[in-house]
Amino acid sequence: MTTVLICDDRRSVREGLTRVMSAVPGVSRIDCVAHGDELLARYSRQPVDVVLVGTQRAVPTGVEATRRLVSANPQANVIVFGAPDDAGSIAAAIAGGARGYLRWDASRPELVAALAHTLASTSVPAPRQPSDPGVQLTERELQVLRGMSQGKSNGQIGRELYLSEDTVKTHARRLFRKLGVRDRAQAVAHGFRRGLVS
């Protein structure tokens, strides 16, 4: 049986994740905390199999909680939740030691399936691999990926690179296809894992 600890400062999020997790077979206990300090104290008193940490754009609490927990407990299996367009927070959490992430906007069946897989393997399934593992991104695609990793919008990236927003979107779609990912957050996480961004 699996134990889960949810950390998010929003009560509605904690309650929603608790409902979803209670639908995953094999989960024996679900606890919730609101802040990073509570997370560290609870985990050190009673370690769990999986820790779910919520992230929010421009609010470093989830990222910081992840970093502190993994630093103190390298064996902790942390999965972060975040908005699909909040690549910066997700990438920072993964760089801080999270094993993976799930999108807030995932459908309930997708969320339950991903969590069940995570609980079975203690790691989030990697994004599907490109058909050619040796595929290389162009310099422009790397520039777009770096901009995404800094949390910049397509418009901001375009202004910095002297490109139209549509051209940035085209480069983004190409790099998504090459990396085998679906969205900005997955692209940035994959980029961090492969050392394409830092």
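Here the gap between Trp104 and Arg29, fully extended at 0.36 nm per residue and compared with their Cα-Cα distance, gives a gain of 24.8 nm.
Carbon and sulfur atoms: what percent of the 1.4 Å accessible area of the range 137-192 do they account for? Percent of accessible area from carbon and sulfur atoms in the range 137-192: 46. Checking the a/c ratio against 1.5 first, then a/b against b/c, what shape does the Cα gyration tensor give for the range 16-64? It comes out oblate by the Cα gyration axes.
Please say if the range 1-96 is rounded, prolate or oblate, where rounded means a/c under 1.5 for a ≥ b ≥ c the square roots of the C-alpha gyration tensor eigenvalues, and otherwise the choice is prolate for a/b larger than b/c and oblate otherwise? Oblate.
The values are calculated or read from the model by the stated rules, or taken from the named source; none is laboratory data. No experiment lies behind these values; they were computed from the predicted model shown. Surface areas here come from the heavy atoms of the whole protein model, side chains and all, with no ligands, DNA or RNA. Shrake-Rupley method; radii C 1.70, N 1.55, O 1.52, S 1.80 Å.
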